Amino acid sequence: ATSDAWFDADYILLSYLNANVTRIPDAHYLWEAKYNGARVVTTTPDYNPTSIHADRWINVQPGADPFLYMSMVHTILSEDLVDWAFIKEQTDLTLLVRNDNGKLLRESDLNTDGSEEIFYLWDKKENRAVKAPGSMGSTQKTLALGDIDPALKGQFEIEGVAVQPAFVHMHAEAMKFSPESTQKKTGIHPDVVREEARLFAGAQKAVVLAG
């Protein structure tokens, strides 16, 4: 979205973005959003001109921000703070991944004339693989699921190819990064990580801006 859309947010996370210096024409939207009730959080090693106005400055160690964000994901998953309907429709975590090579299952894997730009998900209602709506190669240019209920977990087989939803892989990776295990790298206390993860997950419109 354009920067004026920041005004509608109720949680804004600025990741290494010093907007008051590098986005001067747009920065006013951040502070107008704050005055409108948004929580503004910065993650950056330095206490910069943007951080001084934020609701919280998370002084993460240089280069350790991926560990911080994975520990936030860990918290959101562990505490079931997930908007599952959003995940199913608006993300690629439902797409089926091959067990043998770790790549997304494509129509071309199942049919020599198939497209490399059509992917699959597992419909729990039909108990079978179906083409994912909105794939680049699909004629259906919408993410709307209709009657499809995509599986996020499970082990399936399609024409001899073993697959799992991408969510399974993401979840397994996130579980490696508890707030306690990342504290030494990030320098951020687990209580801070969990509090911000809960606030982020509870927002109606959360915005992440990366610098």
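The values are calculated or read from the model by the stated rules, or taken from the named source; none is laboratory data. Keep in mind the model is a prediction, meaning the values are calculated, not measured. Don't worry about glycine lacking a Cβ; one is built from the backbone with ideal geometry, like all the others, and counts go over all protein chains shown. When the accessible area is computed, the model is the full protein with side chains, heavy atoms only, and any ligands, DNA or RNA have been set aside. Shrake-Rupley method; radii C 1.70, N 1.55, O 1.52, S 1.80 Å.
Tabulated values for the structure
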{"read-out": "Cross-link reach list, aspartates and glutamates versus LYS185, counting only Cα pairs under 15 Å and skipping chain neighbours closer than eight places", "value": "ASP65"}
{"read-out": "Proximal lysines relative to LYS34, as straight alpha-carbon distance under 28 Å, when same-chain residues fewer than 8 apart are discounted", "value": "LYS205"}
{"read-out": "Peptides ranked, highest mean first, by Cβ atoms within 10 Å: ranges 118-124, 55-61", "value": "118-124, 55-61"}
{"read-out": "Degrees separating the helix 190-202 axis from the principal Cα axis of the chain, which is the longest one", "value": "70 degrees"}
{"read-out": "Cross-link pairs LYS124/LYS153; LYS88/LYS176; LYS88/LYS125 - those with Cα-Cα distance over 20 Å", "value": "LYS88/LYS176"}
{"read-out": "Solvent-accessible area of HIS189 with every protein chain in place, 1.4 Å probe, in Å² to the nearest 10", "value": "90 Å²"}
{"read-out": "Solvent-accessible ranking of VAL21, VAL207, VAL41, largest area first, probe 1.4 Å", "value": "VAL21, VAL207, VAL41"}
{"read-out": "VAL161 long-range amide H proximity, modeled H, under 5 Å", "value": "none"}
{"read-out": "Theoretical ellipticity at 222 nm over the chain - DSSP helices of four or more residues, -39500 (n - 2.57) apiece, nearest 500", "value": "-9000 deg cm²/dmol"}
{"read-out": "Among LEU105, SER3, THR42 the positive-end extreme of the charge dipole of the range 1-144 (Cβ point charges)", "value": "LEU105"}
{"read-out": "Diffusion constant of the range 92-196 at 25 °C, which comes from Stokes-Einstein with the Kirkwood Cα-pair radius and 0.890 mPa s, µm²/s", "value": "159 µm²/s"}
{"read-out": "Under 5 Å, built H, 5+ apart or other chain: amide partners of ILE12", "value": "ARG39, VAL40, VAL41, VAL207"}
{"read-out": "Per-residue HN-Hα couplings for the range 157-162 [Karplus 6.51, -1.76, 1.60; θ = phi - 60°; Hz; x = Gly/Pro]", "value": "10, 10, 6, x, 9, 7"}
{"read-out": "Between the range 146-177 and the range 8-55, the alpha-carbon center distance in angstrom", "value": "36 Å"}
{"read-out": "Prolate/oblate/rounded call for the range 103-159, Cα gyration tensor, a/c under 1.5 rounded", "value": "oblate"}
{"read-out": "Using distinct alpha-carbon pairs, which all enter the 1/r mean, Kirkwood radius of the range 1-154 in Å", "value": "18.7 Å"}
{"read-out": "Sorted peptide list for 158-165, 195-202, criterion being average Cβ within 10 angstrom, highest first", "value": "195-202, 158-165"}
{"read-out": "Rounded to whole Å, sorted largest first: equivalent-ellipsoid semi-axes of the range 145-211, Cα gyration tensor", "value": "32, 19, 10"}
{"read-out": "Cα-only Debye scattering, the range 25-84: base-10 log of I(q)/I(0) at q = 0.17, 0.19, 0.20, 0.27 Å⁻¹", "value": "-0.74, -0.86, -0.90, -1.03"}
{"read-out": "Solvent exposure of the range 156-201 as accessible area per residue, Å², 1.4 Å probe", "value": "52 Å²"}
